[in-house]
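Report on the structure given below.
The values are calculated or read from the model by the stated rules, or taken from the named source; none is laboratory data. All values reported here derive from a predicted model rather than from experimental measurement. Cβ sites come from the backbone with ideal geometry, for glycine too, and all protein chains shown count toward neighbours. Ligands, DNA and RNA are excluded from the accessible area calculation, which covers all protein heavy atoms including side chains. Shrake-Rupley method; radii C 1.70, N 1.55, O 1.52, S 1.80 Å.
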Amino acid sequence: MADGGFVRPELVCPAGTPAGLRTAVDAGADTVYCGLQNATNARNFPGLNFTPVELEQAVVYAHDHGAKVLLAVNTFPPAGQFDLWKEAIDLAPRVDVDAVIVADIGVADYASRSYPDLRLHLSVQGGASSPEAIRFHCEAFGIKRVVLPRILTVSEIAGIHSQIPCEIEAFIFGSIGMMAEGRCSLSSYATGLSTNMDGVCSPAADVHYEEDEDHNLTTRLGAFVIDRYAAGENAGYPTICKGRYLCGASNDPAYAFEEPVSLNLSALLPDLAKAGVTALKIEGRQRSRAYVKTVVSAFRKAVDAIMEGRDPGLADLLALTEGHRQTEAAYRSKTWR
């Protein structure tokens with residue numbers, strides 16, 4: 001317990017690969033989260049994620065170093081394909097993961113009935129942002145923790161905390177997303193594959209870059225132009241929500257949905273802890289090991305300093321943010337767009 005009267009928050013960190021998991025653990029993660037190499041998790045990209053054998057070995061490594069492992073089974077099974085999600089749930093207790101992160105109520109029901117001792121967390125993909133929705137999942141499926149959508153102010157989080165019977169996990173660094181967690185159909189519209197059911201937004205096979213003779217860069221997702229960058233301009237990975245389009249009477253290209261900017265709540269860590277957040281989540285299973293090491297190490301030092309009543313002195317992470325821009329988004333004020 002810190003002088004501020006709150007419990008030490010758990011630092012929950014991304015692991016896109018077995019090497020990434022070891023990096024996160026070694027950098028000071030209390031907990032790592034990861035997924036299998038299939039559509040059951042929301043980061044189903046080539047070269048990422050774990051085989052069952054790799055997951056079992058990763059759990060052993062994490063446990064030997066005092067860290068926990070969460071398995072993300074946080075997508076929505078299409079009709080007639082539920083067996084893949086059942087297999088993922090069946091695997092979890094066999095390899096001794098510490099909890100499973102679920103989104104779909106059918107998956108949650110199967111897990112809670114088949115493995116009543118298996119700890120379940122409600123994914124942000126579940127989109128539960130009200131006390132009523134969270135309580136339903138707790139009562140129906142025994143959910144022990146909810147990952148809140150990135151649409152709530154700190155004061156709203158505190159209000160929810162007082163009305164629910166489970167722990168709260170909140171994002172503190174990384175991608176922001178479209179604010180309607182688990183409800184985005186943009187990638188599916190353009191490519192036929194969605195984050196919510198296939199685990200992949202802007203699949204790599206549909207991403208194309210075209211450079212002209214003046215070194216201007218056009219990015220496409222499938223048949224759609226997502227953005228055009230001038231020579232030397234920083235170009236991000238093409239997702240529809242962060243593209244620039246010709247909008248309005250001026251016909252000037254503008255960000256129609258969301259600007260490329262990263263969430264950074266380093267200044268709000270004490271406020272989040274006081275609001276009842278017991279787990280601080282870093283986004284980025286698709287990021288490099290260098291990114292994971294730098295970000296996890298910085299937040300490890302910051303959390304430890306706060307618990308000891310010292311200035312966190314968080315290192316400048318601007319270089320690792322999307323578009324080299326950062327925001328506290330809706331956490332501080334609803335005026336953020």
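Remark: the range 137-150, residue by residue, has Karplus-estimated 3J(HN,Hα) of 5, 5, 6, 7, 10, x, 4, 9, 8, 10, 8, 6, x, 8 Hz, where x stands for each Gly or Pro and the curve is 6.51 cos²θ - 1.76 cosθ + 1.60 at θ = phi - 60°. Principal semi-axes of the equivalent ellipsoid, √(5λ) from the alpha carbon gyration tensor of the range 88-153, are 21, 12, 9 Å from largest down.
Rg/Rh for the range 134-226 stands at 1.15; both radii use Cα atoms, and Rh follows the Kirkwood definition. Calculate what fraction, in whole %, of the accessible area of the chain sits on carbon and sulfur atoms when a 1.4 Å probe is rolled over the protein chains. After summing per-atom areas, the C and S share lands at 51 percent. The DSSP beta bridges internal to the chain are antiparallel in roughly 35% of cases. The value given for the range 27-105 is a Kirkwood hydrodynamic radius of 12.8 Å, derived from the mean inverse Cα-Cα separation. Across the range 166-172, computed HN-Hα scalar couplings (Karplus, 6.51 cos²θ - 1.76 cosθ + 1.60, θ = phi - 60°) run 10, 6, 10, 10, 9, 5, 10 Hz from first to last residue, x flagging Gly and Pro. Counting only the Cα atoms, the chain fills a convex hull of 145 Å³ per residue.
Expressed as a whole percent, the proportion of Cα-Cα pairs in the range 222-291 lying more than 20 Å apart is 53%.
Based on every Cα atom in the range 207-253, Rg and the maximum pairwise Cα distance Dmax equal 10.8, 30 Å.
Answer with one residue from GLY232, ILE157, LEU186: the one whose Cα lies farthest towards the positive end of the charge dipole of the chain, charges on Cβ with Lys, Arg +1 and Asp, Glu -1. Ranked along the dipole, the leading option is ILE157. Working ranking of peptides 31-43, 221-233, 64-76, 187-199 by packing, defined as the average number of other Cβ atoms within 10 Å per residue, highest first, is 31-43, 64-76, 187-199, 221-233. Each of the peptides 79-87, 294-302, 47-55 was scored by the mean count of other Cβ atoms within 10 Å over its residues; in descending order, highest first, they stand as 294-302, 47-55, 79-87. Based on protein heavy atoms only, the chain ends up with 44 Å² per residue of surface accessible to a 1.4 Å probe. Rg of the Cα atoms in the range 1-150, relative to 2.2 N^0.38 Å, amounts to 1.03. Taking label points 7 Å from Cα along the Cα-to-Cβ direction, ALA231 and CYS247 give a separation of 3.0 nm.
Given +1 at the Cβ of Lys and Arg, -1 at the Cβ of Asp and Glu and no other charges, the dipole of the range 125-181 around its Cα centre is 80 debye to the nearest 20.
What shape does the range 169-286 take by its C-alpha gyration tensor, where a ≥ b ≥ c are the square roots of the eigenvalues and a/c under 1.5 counts as rounded, a/b above b/c as prolate, and the rest as oblate? Prolate shape, in that a/c is at least 1.5 and a/b is the bigger ratio. Simple point charges give the picture: +1 on the Cβ of Lys and Arg, -1 on the Cβ of Asp and Glu, and for the range 160-280 a dipole about the Cα centre of about 440 debye. Per-residue extension of 0.36 nm, minus the Cα-Cα distance of TYR209 and ARG94, leaves a gain of 37.1 nm for this segment. Summing Cβ point charges (Lys, Arg +1; Asp, Glu -1) relative to the Cα centre of the chain gives a dipole of roughly 520 debye. Taking the centroid of alpha carbons for each part, the range 214-236 and the range 96-116 are 41 Å apart.
The peptide list 120-126, 264-270, put in order of mean Cβ contacts within 10 Å with the highest first, becomes 120-126, 264-270.
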